[in-house]
Amino acid sequence: MEPGIISHYHQKITSTLAEVEKYRKLSNTYSLYRLVIFGALILAVIIGAELNNFSIIITAFLVLGFGFVWLISRQSLYDEQKKYHQQILAVVENEVQSINEHKNLYDDGSIFIDDKHYYTSDLDIFGEASLFQLINRAATSRGNHLLAAWLRAPAKKSEILSRQEAVKTLSADMTWKHHIQALLLFAKHEDAGHLLSLFKYLQTPLQLEGISWISRYIRFAPYLLFTTIAIGFFYQPVSLLAMAIALFNVWLIVKNSGYISKSGMIADKMGEVMASYARVFNDIESREFEPGRCQSLSQKLHDNGTSKTIAELSALINKYSYSLIMIVGFVLNLFFLWALKQSIAIENWKQNNQHNLEEGFDIIAEFEALLSLAGLHINYAEWCFPEIDERADYTLNANGLAHPLINKDFRVANDYHLNNSRSIDIITGSNMAGKSTFLRTIGINTVLALAGAPACALSMQVSVMQVVSYMRIKDSLNESTSTFKAEIDRLKMLLTVVGGNEKVFLLIDEMLRGTNSVDKYRGSKAVIEQLIFKKGVGMVATHDLQIAELEKKYPAYIRNFYFDIKVKDGDMLFDYKIKNGECKTFNASLLLQQIGIYVDQV
């Protein structure tokens, strides 16, 4: 499917480039028209002055000024369209890069890296070249955090099925998916700080002393001042009253400057940001979805009137920002007490709308997380939506299971079956034969399945269970922890979570590497027997063939699998296919021979 979807993306890129160029030309053309209008205005002023005809100048200012303003509005519209199609272009080009190179313009989730998490570090869930980097299409901070939460813990079956249904719905309309992503692309740079400021501000009520009479006065102040100024032209003493009113207005603004500054703390750039969000809210609200999760989310926004509410805040913030323009602000404050008026209006808006606003941004975050999963379904249509099994024991069946982060030209698919039963699977094999990769393949696809995403398999059936891994054990200088101590801590955690009410699936790769071979074998054997006693389920990869002997002691619980090599003309050939039984061929001696070290065969 990938060549087909890439061809579709390239067609989209070509058509979008044409749209960008179209609006670029229109914008440049109208910019030229503005220059012509400006030149005509200068010429009219010169002619009017030469002819001593003031009416020519007035007429030119009225007619050409109106035309100039109209041209500005048209050019602004074309600039917006150009910017929108540039964002569409960035979104679509990103999909091509994601498929071909596993690159992504969105965040790779490095902030979520946690070496002590049950599995995210071992399975490359976050960070560079990670699953999150492959999936993520969330521009907002909340969208990133929600998607990360979905990948950090398994959901319940009903929730998984709900996400699967929503992903299929969103995947059916790529145009709308790209449209929403393009509208939200600004949030990669604008979102986190502004929204944190907004929500903090919304939760902080501001009190204005004498707000009742001040609000009434503000309504009449402009009429009062304009009237006294007009009368003052004909009756001089009234001019003094007009001056007194103007000074009182200035005093009122200065006296309440603290309230104004606190109320207007979100005005800087927030008007434009809120207007951008208002469009996203409106497009989600107005979208007609089939009955299901997407429709439910859309209906919540519609019922709350979120887009209208955000648009109102955007308008209030923009109005407030006029008072920050030096000369304009002075005139507006002098006649209309503008900053105080808009501050009171913003505070009234806060009291009426603060409770519904955060829910609206949570819904955007959910759409972003779902759109991220939908991207997998679109780009890799051959991947399957796993079936979620609710039977009492463990189920993990997969056909054609492969690692999603390995290039499709190199990854090898395997089948694996744990059909409503319990077992510890011992996996032996040579170095580089594929043991660790197979464990990660099982783990990362289980994470995808239990997040509601497609899995990199032809078919998959899985129980809802907690994955717990033991793979990349690291020492820590900061915590004065040796590798062996880190392994012991990980084992303690692992044994603690096994045996409870929650289903736990273990992925253990080479236990106790930080000790000698005798203790390593004895310790590993003891751990596996403890897991059997606790009815633990999972996989243990090891180079130690003695561990495979446990199948004879626990034939009802232990299963042996292996990865092997073939040696041809001194070269090692790997097929990376899992097989039943225990490994008989190892390659350490061959690898050492290739660097000139020969091992005695005893």
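Every number here is computed from the coordinates shown, using simple stated rules; none is lab data. Computed from a prediction, not measured in an experiment: that's the story for all the values here. Counting neighbours? That spans all protein chains shown, and the Cβs are built from the backbone with ideal geometry, glycine included.
Determine the dipole magnitude for region 387-593: charges of +1 sit on the beta-carbon of Lys and Arg, -1 on that of Asp and Glu, nothing else is charged, the reference point is the Cα centre, and the result goes in debye to the nearest 20.
Details: 26 positive and 24 negative charges, 49 e Å.
Approximately 240 debye in magnitude.
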Exercise. Out of residues 5 or more away from ASP425 or on other chains, whose amide H comes under 5 Å of its own, with H placed 1.01 Å from N in the peptide plane?
Worked result: GLY538, MET539, VAL540, ARG559
For this session: Per DSSP H run of at least 4 residues, take -39500 (n - 2.57); add these up for the chain, divide by its residues and hand me the 222 nm value, nearest 500 deg cm²/dmol.
Result: -21000 deg cm²/dmol
Exercise. DSSP beta bridges in the chain, what fraction antiparallel, as a percent rounded to 5?
Worked result: 40 percent
Exercise. With θ set to phi - 60° and the Karplus curve 6.51 cos²θ - 1.76 cosθ + 1.60, what are the ³J(HN,Hα) couplings of region 19-34 in order, to the nearest whole Hz, using x for Gly and Pro?
Worked result: 5, 4, 5, 4, 6, 5, 5, 4, 4, 5, 4, 5, 5, 5, 4, 4
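For the chain, the longest stretch holding no chymotrypsin sites (Phe, Trp or Tyr not before Pro) located in a DSSP loop with at most 14 other Cβ atoms within 10 Å is which?
Numbers: sites that count: TYR235, PHE410, TYR598.
It works out to 1-234.
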Exercise. In the chain, if every C-alpha pair distance is counted and binned at 10 Å from zero, what percent goes to each bin?
Worked result: 3, 13, 18, 18, 15, 12, 8, 6, 4, 2, 1, 0, 0
Exercise. Counting only residues 5 or more places away or on other chains, whose amide H sits under 5 Å from the amide H of SER459 once H atoms are built in the peptide plane?
Worked result: ASN399
Exercise. Over region 94-137, what per residue volume does the convex hull of the Cα atoms give, in whole Å³?
Worked result: 59 Å³
For this session: Starting from one equal scatterer on each C-alpha and no solvent at all, send me the Debye-based log10 I(q)/I(0) for region 128-178 at q = 0.29 Å⁻¹, two decimals.
Result: -1.20
Seminar exercise, completed: Contour minus Cα-Cα span, LYS255 to ARG219, at 0.36 nm per residue, comes to 11.1 nm
Problem set entry | More than 21 Å apart - percent of Cα-Cα pairs taken over region 345-465 | 51 percent
Exercise. Counting Lys and Arg as +1 and Asp and Glu as -1, what is the net charge of the other residues whose Cβ lies under 14 Å from the Cβ of SER421?
Worked result: +2
For this session: Quick one: what are the phi-derived ³J(HN,Hα) couplings along region 552-561, Karplus 6.51/-1.76/1.60 with θ = phi - 60°, whole Hz, x for glycine and proline?
Result: 5, 7, 10, x, 7, 10, 8, 10, 9, 9
For this session: Using only the alpha carbons, work out the radius of gyration and Dmax of region 288-401 in angstrom.
Result: 23.9, 76
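State which entries of LYS82/LYS319; LYS435/LYS534; LYS12/LYS82; LYS492/LYS534; LYS435/LYS520 exceed 20 angstrom in Cα-Cα distance in the structure shown. Mind dumping the intermediate values first?
On the way: LYS82/LYS319 26 Å; LYS435/LYS534 25 Å; LYS12/LYS82 15 Å; LYS492/LYS534 14 Å; LYS435/LYS520 18 Å.
Check vs 20 Å cut-off fails for LYS82/LYS319; LYS435/LYS534.
For the chain, what relative contact order do you get, as a whole percent, if you take Cα pairs closer than 8 Å and at least 6 residues apart? Intermediate results must be reported in sequence, preceding the final value.
Values: 893 pairs, mean separation 84.5, N = 602.
14 percent.
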Exercise. Given 0.36 nm per residue, what is the gain on full extension from SER73 to GLN97 after removing their alpha carbon distance, in nm?
Worked result: 5.0 nm
Seminar exercise, completed: Listed by chain and number, the residues whose amide H is under 5 Å from that of PHE505, excluding neighbours fewer than 5 places away on the same chain and using placed H, are GLN466, VAL467, VAL468
For this session: Kindly write out, for region 364-373 in residue order, the coupling ³J(HN,Hα) from the Karplus curve 6.51 cos²θ - 1.76 cosθ + 1.60 (θ = phi - 60°), rounded to whole Hz, with x marking Gly and Pro.
Result: 4, 4, 5, 4, 5, 5, 5, 5, 5, 5
Seminar exercise, completed: When all Cα-Cα pair distances of region 1-101 are considered, the percent exceeding 22 Å is 53 percent
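Grab the Cα-Cα distance for LYS262 and GLN236, subtract it from 0.36 nm times how many residues apart they are, and report the gain in nm with one decimal. Spell out each step's value before the answer.
Numbers: separation 26, 0.36 × 26 = 9.36 nm, distance 3.98 nm.
That pair, LYS262 and GLN236, stretches by 5.4 nm at full extension.
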Exercise. So how far, in whole Å, is the C-alpha centre of region 142-177 from the one of region 401-468?
Worked result: 21 Å
For this session: With only alpha-carbon atoms counted, please give the Rg and Dmax of region 387-593, in Å.
Result: 17.1, 53
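Using alpha-carbon pairs under 8 Å, 6+ residues apart, how would you state the relative contact order of region 387-593 in percent?
Working: 381 pairs, mean separation 58.4, N = 207.
Relative contact order comes out at 28 percent.
So for region 1-101, averaging the separation of alpha carbon pairs under 8 Å that are six or more residues apart and normalising by length, what relative contact order in percent results? Write out the running numbers ahead of the final one.
Values: 70 pairs, mean separation 47.7, N = 101.
Computed over region 1-101, the figure is 47 percent.
Find the Cα radius of gyration of region 408-447, compare it with 2.2 N^0.38 Å by division, and give the number to two decimals.
Numbers: Rg = 11.6 Å, N = 40, 2.2 N^0.38 = 8.9 Å.
Relative to the 2.2 N^0.38 Å estimate, region 408-447 comes out at 1.30.
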